[in-house]
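Colleague: What follows is a structure written as C-alpha cells; I'll ask about it next.
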Amino acid sequence: MPLRRELNHFSEVEWLKFLKLDFMKDELDKNKKKVGRKPKADKAKYKYAFRLSKVENAKFLALFDQSRLSNKAEFAKRCIFDNEIKVIYYNKRVYDFYMKLTHFYSQLRAIETNYNQVVKILYRHFHERKAAAFLYKLEKQTIELAILTKEITDKIHSLEDKHITKGTLK
C-alpha cells in the first residue's frame, strides 16, 4: 500500500535537490578563502578635490613635510578637522540696516560740529539778547536731537549684540 503524502510535503526528487543545494552552499562557505583587506567599519565614501597655485602648492608641501605624516590626504584631513575654524554669520538685511544707522549717526555728528559754528556766528553777528533768544530755540531742538542720538546708539549696540554674532566651529 503506497504511503499517503500530504500536500505540504516535498517529493523525493525535490527533497534531494534541496539537500544538494544546501550541502553545496555549506561546501562553498567552507572552501572560501579569506584573502584581501578586512572591510572597515566606517568606510570613507566621499571624495573632495581642489586645485592649488604654485605658491599655494609649495606652502602646502612645506607644511606637509613639517607634519611628518604618511600621506597628503591624512594631512589635509587633520588640517581641516583638528584646527579651529572661525565662521562669521550675518544677516544681509540686518547688516544693511546697521550700515544705514551708522551713516545716520555720522550725519548727527556732523550736525553737532555745525551747531558749534552756529553758536559762534550768533554771538558774533547779533546782540546778546537776540542771540540768546535764537539759542533758546536751538537748545530745545538740540535736546530732542540728543535724545534721538541716544536712541540710535542704543539700537546700534543692541543690533551688534543680537544679530552680528561671531561663532567658532571645531
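Colleague: Enter the Cα centre distance for the pair the range 43-62 and the range 134-162, rounded to the nearest angstrom.
Modeller: Spelled out, the Cα-based centre of one part sits 53 Å from the other.
Colleague: Which of TYR115, ASN71, HIS103 sits closest to the plus end of the dipole of the range 60-135, meaning its Cα is farthest towards the positive end, when Lys and Arg get +1 and Asp and Glu get -1 on the C-beta?
Modeller: TYR115
Bear in mind that the values in this text are calculations on the coordinates, not laboratory data. This is a predicted model, so every value here is computed, not measured. So basically every Cβ, Gly included, is an ideal-geometry build from the backbone, and we count neighbours across all protein chains shown.
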